[in-house]
Each structure stands twice: as C-alpha cells, then as structure tokens.
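Worksheet: the structure to be examined is printed underneath.
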Amino acid sequence: MPVTRSARLLDRGARAGSLADLMTWPRWPALPPDQRERVWRLTALIAARDALPDVIDGATLRGLAAAVGEDRLEAVLDLPPGGDAALPPTTTLGEAGRRIAEAALPAALATRLGHASDRPDAAHHVAAAEEIAA
C-alpha cells in the first residue's frame, strides 16, 4: 500500500487526515527558507495590524516596507481590523511571526514538526500572510 504525502507528514504509516483536514494545513512548512521568512514577517504584521495605523514614525514605516515590500505592507494595511498583538520591532518580525505560525499549526502537523499547537485561532493570520506573500 503506497504511503500518502499526508501520512509521510504525520509519520510513516500513520493514518492520514481527511482531505478537508489537509486543505486547512498551512503551506509555509514546505516553502524554501526565504519564502518562509517572508510569510513569518507578514504573519507578525497581520497579527499586529490594528497597531499599524497608529505608526507615524517614517523610519519605522520604511523599515516595515523594507522587511516585507511596499505592496505587501499596503495589502496588510488594507485588511480589516483583527490583529491585536503588539507590533514587534522590525528586526524581530520574522521571529515573532515564526512563533505565531508554529503555535497556529493544526495539532497533527504541530506534533509531527515538534511544536505546540496552542494558538489555533491565529491560523487566519498565517493564511492571510501566505496569500499576500504569494
């Protein structure tokens, strides 16, 4: 019996999730490192997007635009409210986004990748980041 991709991600020979489960899995774990970093930076910005309209410091805005790209920053600013996390410093956007993305993993995938899945509510931040990063 062939081992499916989902079974390989869960663990060799493990029971695969349903197709509906797999459709909710994020894409970032399989992305190349530079694209994964972009998704993480965007995830941090999206999670903190409610704070962005209050940023009036030009250097901060330029730093955010440099970190994710001007068009992507504009796309984040165009999102409806819903990200009440604190805005991390530009230099730690990727790390902050990585922590959010890992905590938002579906339980089966989080277990396989060795992460705790304690913020499934943040999965919509990750999904929006993946969409904008594409």
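In the stretch 110-134, what residues are buried (at least 21 other Cβ atoms within 10 Å of the Cβ) and either in a loop (DSSP other than H, G, I, E, B) or among the hydrophobic types (A, V, I, L, M, F, W, C) (or both)?
Here is the first cut: in the stretch 110-134, the residues buried (at least 21 other Cβ atoms within 10 Å of the Cβ) are 122, 125-126, 128-129, 132-133.
Hits for the stretch 110-134 are ALA122, VAL126, ALA128, ALA129, ILE132, ALA133.
Give all pairs with beta carbons closer than 7 Å in which a residue from the stretch 100-111 that is farther than 11 Å from THR24 by Cβ meets a residue that is modelled with pLDDT of 85 or more and polar (S, T, N, Q); count only pairs at least 6 apart in sequence or on separate chains.
ILE100/THR43; ALA101/THR43
Given the structure, is ALA16 at pLDDT below 90 and among the aliphatic types (A, V, I, L, M)? I'd like the intermediate steps shown before the answer.
Numbers: at pLDDT below 90: yes; among the aliphatic types (A, V, I, L, M): yes.
It is true that ALA16 is at pLDDT below 90 and among the aliphatic types (A, V, I, L, M).
Please find, within the stretch 100-109, the residue that is surrounded by the most Cβ atoms within 10 Å (Cβ to Cβ) out of those that are more than 12 Å from ALA47 (Cα to Cα) and under 12 Å from the mean Cα position of the chain (by Cα). So that I can check it myself, show each step before the final result.
As a first pass, look at the stretch 100-109 and keep what is more than 12 Å from ALA47 (Cα to Cα): 102-103, 105-109.
Retained after the next criterion (residues that are under 12 Å from the mean Cα position of the chain (by Cα)): 102-103, 105.
Numbers: GLU102: 22, ALA103: 18, LEU105: 25.
Applying the filter and picking the extreme gives LEU105.
For the stretch 65-87, what are the residues that are closer than 21 Å to GLU131 by Cβ and assigned to a loop (DSSP other than H, G, I, E, B)?
Of everything in the stretch 65-87, those that are closer than 21 Å to GLU131 by Cβ and assigned to a loop (DSSP other than H, G, I, E, B) turn out to be GLY69, ASP78, LEU79, PRO80, PRO81, GLY82, GLY83, ASP84, ALA85, LEU87.
Is it the case that some residue within the stretch 126-133 is among the small types (Gly, Ala, Ser) and over 12 Å from the mean Cα position of the chain (by Cα)?
Here is the first cut: in the stretch 126-133, the ones among the small types (Gly, Ala, Ser) are 127-129, 133.
In the following step, the residues that additionally are over 12 Å from the mean Cα position of the chain (by Cα) were identified as none.
No, because not a single residue in the stretch 126-133 is among the small types (Gly, Ala, Ser) and over 12 Å from the mean Cα position of the chain (by Cα).
Which ones in the stretch 34-49 are free of Cβ contacts under 8 Å to residues at least 40 places away in the same chain and either basic (Lys, Arg) or in contact with a helix residue (DSSP H, G or I) (Cβ under 6 Å, 6 or more places away or on another chain) (or both)?
First pass over the stretch 34-49, keeping only residues free of Cβ contacts under 8 Å to residues at least 40 places away in the same chain: 34, 36, 49.
ARG36, ARG49 - these are the residues of the stretch 34-49 that are free of Cβ contacts under 8 Å to residues at least 40 places away in the same chain and either basic (Lys, Arg) or in contact with a helix residue (DSSP H, G or I) (Cβ under 6 Å, 6 or more places away or on another chain) (or both).
Would you check if there is a residue in the stretch 27-35 being of a type in the set (Asp, Glu) and closer than 14 Å to HIS124 by Cα? Spell out how you get there, then give the answer.
Applying the first criterion (of a type in the set (Asp, Glu)) to the stretch 27-35 yields 34.
Narrowing further to those that are closer than 14 Å to HIS124 by Cα: none.
No: zero hits.
Out of the stretch 70-99, which residues are under 27 Å from THR24 (Cα atoms), free of Cβ contacts under 8 Å to residues at least 12 places away in the same chain and over 15 Å from the mean Cα position of the chain (by Cα)?
ASP71, GLU74, ASP78, PRO80
Listed residues ARG41, ARG62; which is part of a helix (DSSP H, G or I), basic (Lys, Arg), loosely packed, with under 15 Cβ neighbours inside 10 Å and at pLDDT 90 or above?
Details: ARG41 fails: loosely packed, with under 15 Cβ neighbours inside 10 Å.
Answer to the selection: ARG62.
The values are calculated or read from the model by the stated rules, or taken from the named source; none is laboratory data. Fair warning: this is a prediction, and the values are worked out from it, not measured in the lab. No Cβ is skipped: glycine too gets one built from the backbone with ideal geometry, and neighbour counts run over all protein chains shown.
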